[in-house]
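*Asks:* Got a structure for you, questions after.
Any read-out appearing in this document is the output of simple, stated calculations on the displayed coordinates, not a laboratory observation. This one's a predicted model, so the numbers in the text were calculated from it and none came from an experiment. For neighbour counting, all protein chains shown are included, and Cβ atoms are generated from backbone atoms with ideal geometry for every residue, glycine included.
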Amino acid sequence: MIRNIYNGRVVTLNIETVQLPNGVTVDLETIRHPGAAAVVPVKDDGTVVLIRQFRHAAGGFIYEIPAGKLNPGEDPLHCASRELEEEVGYRAASFVLLTSIFTAPGFADEVIHIYQATGLTKGRQQLDRDEVLEVVEMPLAEAVRKIAEGTIRDAKTIVGVQAAYLRGIAR
């Protein structure tokens, strides 16, 4: 049984009665989310393009990779390409899927598909009215150091930057 609590612009909150694999029946609060795509833009010289974005829930500005919510039926690659240009003003010649991650599987079904973008050329930044951010460029190795020192704390960004870094080492 599913009891809907809230339908919002980004998420749906339900209480779902579920029978677990061990036979126990419980009520679980679940957040349903359409999913998202994110992109680690890496320039030819190894510079990574990040954003420093205001996030109310996080208490201020945080470092992130460009990302956005999937539209109904949208291919994650299309979403990644769209968000790359809208948020940081770049287009990419090539995208490689690095990984797909659950954000909080204890209560949410959101999956973020994380790509690496290369062959960057200037496009046109087009921020939504609720996006307050600055574009920040730094060597990929410096972004990894910022993860280690705790400056970069966003999960999708940590996963994406480290995956891109490891992919570069493995070549």
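*Asks:* Given a 10 angstrom Cα cut-off, can you work out which residue in 26, 48, 136 is the most mobile in a GNM of the chain?
*Replies:* Residue with maximal mean-square fluctuation among 26, 48, 136: 26.
*Asks:* Of the DSSP beta bridges with both residues in the chain, give the percent that are antiparallel, rounding to the nearest 5. Mind dumping the intermediate values first?
*Replies:* Numbers: 40 of 47 bridges.
Here the share of antiparallel DSSP bridges comes out near 85 percent.
*Asks:* Moving on to the next point. What dipole magnitude, in Debye to the nearest 20, does the chain give about its Cα centre under +1 on Lys/Arg Cβ and -1 on Asp/Glu Cβ?
*Replies:* 220
*Asks:* What distance in nm separates the simple spin-label points at residue 5 and residue 137, each placed 7 Å from Cα in the Cβ direction?
*Replies:* For residue 5 paired with residue 137, the spin-label model returns 4.5 nm.
*Asks:* Could you tell me, in Å, what Rg and Dmax come out for the Cα atoms of the range 1-148?
*Replies:* When restricted to Cα atoms, the range 1-148 yields Rg and Dmax of 17.8, 56 Å.
*Asks:* Check each of the trypsin sites (Lys or Arg not before Pro) in the range 55-158 and keep only those in coil by DSSP with at most 13 other C-beta atoms within 10 angstrom; list them in order.
*Replies:* 124, 129, 153
*Asks:* At a Förster distance of 41 Å, what's the computed FRET efficiency of residue 16 paired with residue 129, Cβ-Cβ distance as r, to 0.05?
*Replies:* E(calc), rounded to 0.05, equals 0.75.
*Asks:* Using Cα centres only, tell me the gap between the range 1-41 and the range 107-161 in whole Å.
*Replies:* So the two Cα centres are separated by 26 Å.
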